[in-house]
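Here the structure is laid out as structure tokens; the discussion comes afterwards.
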Amino acid sequence: MRLAQSGRVLFLILLTAGSLTAQYYYGKNKVQREVEPTYTYETEHFSIYIQEGGEPLARFAAQVIEEAYKQHSSDFGFEIGVKIPVIIYKSQPDFAATNIILEPIEESIGGFSELFKNRVVVPFTGSYKELHHVLYHELTHIFQFELYFSLAISNIFSLIPGFMPPLWIMEGSAEFCSTHGDEDADAFMRDLLVSNNIIPLEELENWLGYIVYRQGESVFLFIEERYGREKVFELLHAIKLRSNMDAAFAKVFGMDVEDFGTEWLNWLRLRYLPDMENLENLKTQARLLTDHEKDFSYYNGSVALSPSGTKIAYATSKGDYITVNVISGFDGKHLKKLVKAGRSATFERLPLLRRTLTWSADESHLAVVGFSRNKPVLLWVDYASTKIEKRYKLKVDDAYAPAVSASGKRVVYIGIKEGQSDLYSLDLASGRIERLTYDLYEEADPSFDGDLVLYVSDKPDAGEVWEVGHYAVWELLPSGRTRRISPRFANLASPYRIEGKLYFIGPDFQLYAFSQDDSTLTALTNWFEKIEEFSPSSSGKAAMLIYNNTGWDVAMLNGQITSLVSTEEADTSEVTSEPYLYEEEEVTLEDFSRYRASFSPDYIYGSGAYSSLYGAMGNFSLGISDMLGDHRIYIDANLYGDILYSDIAVSYWFLKRRVDFAVGAFQFADFYMYWTSDSTFNYIERARRGVSTLISMPASKFLRIQTGADAMAVTQHEYLGCRFVSYSQFEPTYDTVYTQPLFQANGAVIFDNALWNYATPMRGLRLRLGGYSSVFSPLEYQTVMADLRGYLGITRRACFALRSFGGASFGEDKEYFTLGGAYDVRGYSTYEPSFGSKVIFSNLELRVPFIDQLDMAFPLPLTLGGIRGVVFTDAGVIWDDEPPVLWENGNLVDLKASYGGGVRWLFGYWMLKLDFARPYQTEEDKPWRVHFRLGADF
């Protein structure tokens, strides 16, 4: 009898790649786009990696990051002893497809620093100002890694530090060293204070998310203002030496974290509350049409007011997927859901952090910019039917901010291509695309004024030095010429011309009007709420996106924007922040060298033990990759006793192109023992030694096809009629050894659009159809399997999960499945399963929150949280040649069915699972089974 391996050889080869196991059984795909040559640009302290076409980005980054290095080495009091790799991607989608980390990268991640190879990895999002910020921020992390982990050894050994500084320390100090308290940070902290959402400093170490960036930065700004800049870095060093937050704060400031937090909170009140007397509430001039606290949307964006001012389209995170909704411009009543992103390749993704929507002039259609098969597209959506009438490929790397002309014949948008942000025009009739600008500078937020196009840019005036991040409104004439038509500001967005005046979001994220006739600038609002988007209609009405009470909501002005009156004339002097000057230089490939892959360790670890029963044992794991993560080598070994009967696997993965492939060599051992009488048993050692290949071909983010082949020699050593002569030794009556070749081909189709929350799938669908077959081998078998998993949300925190699995094996040497135990029908013993060549089983679970937080004082002060519960029922049947009899006379025959419940607790990286289950029908005195496991839910 040969137990079904279910593609075990391929599975164990995959296992050597760690996180790739989950990715290649299920998991969404990272779809690589065009493969372009990569070049390196060397500076004194950095090796900068950039794809061909991004040379100006590398030149800009080199100047910025060398300046950052000089500042950081002075602040931290030491230098980095090795060159620091900096990898820059020419767009956010290219960055999201990086192989440096294999986990999916969400839109909200603006860059990362990686500990093992000490790499800084960032995208170009179209803004050189943002690139400047992210480079300063991520380089701070490299200095932190040197301070807390020592880079000299962190790239070789996977360290578990004795004390890890809280996230607010790491991210807050990085923001302090980069943005250093800009208008955006002020608006965020002012909102936290006014809405009474400040997290006490002694509790902040338990928080994640954006709030730790902003509150942490605010703490360090307070330290700088009260005690001096040097105290910021004295604290960071004290945390390293003391390995305790209270001790570090006491050493530097003479008080613990809680008392220091009180001082910081008083400083916040003195910083922001006096200004509140001069600020107004938006409700005096506008009304909120959404409430993110009530509908749990948290983020709403891409506000687009229809030309008549009666309807507002916006993107929202409310619900399971990002959707485009339409509400009434009068009372916010929901009118229609237009499109939903994230379920299929047709509309894989809708960026939520950028403006992606606009109406046609007659309100019959909406233009929606999103991603289809990892490429930016414009969807032309009919409002009445909600159908996507046309889909236009935008022929750029990234796109956002569409605007439809009054004639309805063309759409302008911002496109990022070859590391440049420019204006593009799409002809809706022919689909022809024209590039309207071609320069190095940032462009954003286009709008139409007749035949003219208004847009925001930090482009310098003729003959002037480029002041990065100092924006003005520019006008693009039909002739292609451009001219600046407004003063410059550190923040400027959403420009529109209404009745001869310019209206836009300006300083402190408020609405302004600018008259070109007399160059007067008028502040139209003075709210303590932050205005992030502004969308007026031709009728004079205006909708806005407001940041309020730690979330984003849609608001509508009361009356018309032209009726807004300010009592004060704003200062027209240009820019209030220190400019970053950049002298442009011509860059050629002669300044760069072609990238050559060189390998270095990602991690290495191992352990050893000795047993009187098994002898010496140990495990070893080594990961090696090149700088870009496109080439990966994994070596894994589990050694026990005899090296010829240990598990050893070596694999190489090539991930650079759209199609991934892997090749590996392996030795896997299995051991079987079964009693033939009360005193004798047979013992079998089986070793499989060979090679395996895998090819993965993604069709989209959600769908891929995999195929592979295995070739091996199977050696089986059988010890028959064995008797124990001591506790750890036995003698066989006789033994036999034989070896036979085995060739196996496999393939699978995988679909996965599941959404995860609480470390488990909560929404969506996962499907795997696969099989494998022996070929050119003495053994003859064919095995097919289908695994369907669906998830239906019933609340934001609870769902039903259904799994249905079927497998069948055929041929003279068909394989056998097992049924019963922790992994299928849980009311039965794992150690006494049923066997058969055909199997079907299903699991239905209700997944709910169980214990959000449990505080214990005795016998030990301990806090437990995030414990979830499941209630489940399982059923399955397994058979061989004879059809099964499910039940008879009301009693189960071949059908196994059980029910039960359990708890789930995410402990670090491990999901701890404890299940209690019993069969529906049983004659056992103790029918309940207890299963304890590690690993994710199905």
For this session: Read through the list (1) surrounded by fewer than 17 Cβ atoms within 10 Å (Cβ to Cβ); (2) closer than 14 Å to PHE145 by Cα, then give the number of the only condition that PHE76 fails.
Result: (1)
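Here is a check on your reading of the model: is GLY53 over 21 Å from the mean Cα position of the chain (by Cα) and modelled with pLDDT under 95? Spell out the reasoning first.
Numbers: over 21 Å from the mean Cα position of the chain (by Cα): yes; modelled with pLDDT under 95: yes.
Against the criterion (over 21 Å from the mean Cα position of the chain (by Cα) and modelled with pLDDT under 95), GLY53 qualifies.
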Seminar exercise, completed: Checked the stretch 859-873 for anything in contact with a Phe, Trp or Tyr (Cβ under 6 Å, 6 or more places away or on another chain) and of a type in the set (S, T, N, Q); matches are THR873
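Could you list, in sequence order, all residues of the stretch 753-769 that are of a type in the set (Lys, Arg) and either in contact with a Gly (Cβ under 8 Å, 6 or more places away or on another chain) or open to solvent by 50 Å² or more (accessible area, probe 1.4 Å) (or both)?
Of the stretch 753-769, the ones of a type in the set (Lys, Arg) are 763, 766, 768.
Scanning the stretch 753-769 gives ARG763, ARG766.
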Exercise. If you take the residues of the stretch 770-781 that are touching a Gly at 6+ places or on another chain (Cβ under 9 Å) and crowded, with 16+ Cβ neighbours inside 10 Å, which of them is modelled with the lowest pLDDT?
Worked result: LEU779
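With a cut-off of at least 1 residues that are open to solvent by less than 80 Å² (accessible area, probe 1.4 Å) and free of Cβ contacts under 8 Å to residues at least 40 places away in the same chain, name the strands (runs of 3 or more DSSP E) lying wholly within the stretch 817-883. Before the answer, list the steps.
Details: elements: 817-819, 834-836, 838-856, 862-879.
The strands (runs of 3 or more DSSP E) meeting that bar are 838-856, 862-879.
Would you list the helices (runs of 4 or more DSSP H) that sit entirely within the stretch 169-249 and hold 3 or more residues that are open to solvent by less than 10 Å² (accessible area, probe 1.4 Å) and at pLDDT below 95?
Values: elements: 183-194, 210-227, 229-242.
So the answer is 183-194.
Here is a check on your reading of the model: is ASP445 outside the structural domain of GLU130 (by the TED database), exposed (fewer than 15 other Cβ atoms within 10 Å of the Cβ) and either of a type in the set (Asp, Glu) or modelled with pLDDT under 95 (or both)? Working first, answer last.
Details: outside the structural domain of GLU130 (by the TED database): yes; exposed (fewer than 15 other Cβ atoms within 10 Å of the Cβ): no; either of a type in the set (Asp, Glu) or modelled with pLDDT under 95 (or both): yes.
It is false that ASP445 is outside the structural domain of GLU130 (by the TED database), exposed (fewer than 15 other Cβ atoms within 10 Å of the Cβ) and either of a type in the set (Asp, Glu) or modelled with pLDDT under 95 (or both).
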Exercise. Filtering the stretch 782-815 down to residues that are polar (S, T, N, Q), open to solvent by less than 70 Å² (accessible area, probe 1.4 Å) and without any contact (Cβ under 8 Å) to a residue 40 or more places away in the chain, which residue is farthest from VAL877 (Cα to Cα)?
Worked result: GLN782
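Per-residue answers, yes or no, for (1) in contact with a Lys or Arg (Cβ under 8 Å, 6 or more places away or on another chain); (2) among the aromatic types (Phe, Trp, Tyr); (3) open to solvent by 10 Å² or more (accessible area, probe 1.4 Å):
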{"residue": "ARG657", "(1), (2), (3)": "no, no, yes"}
{"residue": "TYR674", "(1), (2), (3)": "no, yes, yes"}
{"residue": "SER679", "(1), (2), (3)": "yes, no, yes"}
{"residue": "TYR683", "(1), (2), (3)": "no, yes, yes"}
{"residue": "ARG686", "(1), (2), (3)": "no, no, yes"}
{"residue": "ARG689", "(1), (2), (3)": "no, no, yes"}
{"residue": "LEU694", "(1), (2), (3)": "no, no, no"}
{"residue": "SER700", "(1), (2), (3)": "yes, no, no"}
{"residue": "ALA709", "(1), (2), (3)": "no, no, yes"}
Seminar exercise, completed: For the stretch 906-922, pairs from a residue that is at negative phi to a residue that is among the β-branched types (Val, Ile, Thr), with Cβ under 8 Å and 6 or more apart or across chains, are MET911/THR760; LYS913/VAL903; LEU914/VAL903; LEU914/VAL930; ASP915/VAL870; ASP915/VAL930; PHE916/VAL930
For this session: Could you grab the pairs with beta carbons closer than 7 Å, sequence gap of 6+ or different chains, first residue in the stretch 446-466 and under 19 Å from ARG410 (Cα atoms), second one assigned to a strand (DSSP E or B) and of a type in the set (Lys, Arg)?
Result: ASP449/ARG497; LEU454/ARG497
For this session: Can you give me the number of residues within the stretch 675-708 that are free of Cβ contacts under 8 Å to residues at least 60 places away in the same chain and under 23 Å from PHE776 (Cα atoms)?
Result: 7
For this session: Pull up the stretch 374-397, narrow it to residues that are surrounded by fewer than 19 Cβ atoms within 10 Å (Cβ to Cβ) and outside any strand (DSSP E or B), then point me to the one that is nearest to the chain's Cα centre (by Cα).
Result: LYS395
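Go through the stretch 532-557 and give me each residue that's among the hydrophobic types (A, V, I, L, M, F, W, C) and over 27 Å from the mean Cα position of the chain (by Cα).
So in the stretch 532-557, the residues among the hydrophobic types (A, V, I, L, M, F, W, C) come out as 534, 542-546, 552, 554-557.
Once the filter is applied, which keeps residues that are among the hydrophobic types (A, V, I, L, M, F, W, C) and over 27 Å from the mean Cα position of the chain (by Cα), the stretch 532-557 yields PHE534, ALA542, ALA543, MET544, ALA555, MET556, LEU557.
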Problem set entry | Selection from the stretch 486-521 of residues that are open to solvent by less than 10 Å² (accessible area, probe 1.4 Å) and among the β-branched types (Val, Ile, Thr) | ILE505
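Check whether at least one residue in the stretch 118-137 is farther than 22 Å from ARG59 by Cβ and of a type in the set (D, E, K, R), and report yes or no. Even if it seems obvious, please write down each step before you answer.
Going through the stretch 118-137, the residues farther than 22 Å from ARG59 by Cβ turn out to be 118.
Retained after the next criterion (residues that are of a type in the set (D, E, K, R)): none.
Among the residues of the stretch 118-137, not one is farther than 22 Å from ARG59 by Cβ and of a type in the set (D, E, K, R), which makes the answer no.
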Exercise. Does the stretch 640-649 contain at least one residue that is in a strand (DSSP E or B) and surrounded by fewer than 18 Cβ atoms within 10 Å (Cβ to Cβ)?
Worked result: no
Seminar exercise, completed: Taking the stretch 459-477 and keeping residues at pLDDT below 95, of a type in the set (Asp, Glu) and surrounded by 18 or more Cβ atoms within 10 Å (Cβ to Cβ) leaves GLU467
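Please specify each residue of the stretch 116-143 satisfying the condition of being of a type in the set (S, T, N, Q) and surrounded by fewer than 22 Cβ atoms within 10 Å (Cβ to Cβ).
Taking the stretch 116-143 first, the residues of a type in the set (S, T, N, Q) are 118, 125, 127, 140.
Hits for the stretch 116-143 are ASN118, SER127.
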For this session: Please name all residue pairs, on different chains or six or more residues apart, with Cβ atoms under 8 Å, provided the first residue is in the stretch 184-206 and is closer than 30 Å to ASN526 by Cβ and in the same structural domain as MET255 (by the TED database) and the second residue is part of a loop (DSSP other than H, G, I, E, B) and open to solvent by less than 20 Å² (accessible area, probe 1.4 Å).
Result: ASP191/GLU529
For this session: Would you tally the residues in the stretch 734-752 being farther than 30 Å from ARG766 by Cα and open to solvent by less than 30 Å² (accessible area, probe 1.4 Å)?
Result: 1
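The values are calculated or read from the model by the stated rules, or taken from the named source; none is laboratory data. No experiment lies behind these values; they were computed from the predicted model shown. Heads up, the Cβs are rebuilt from the backbone with ideal geometry, glycines too, and the neighbour counts pull from every protein chain shown. Heads up: the accessible areas ignore ligands, DNA and RNA and are worked out on the full protein's heavy atoms, side chains in. Shrake-Rupley method; radii C 1.70, N 1.55, O 1.52, S 1.80 Å.
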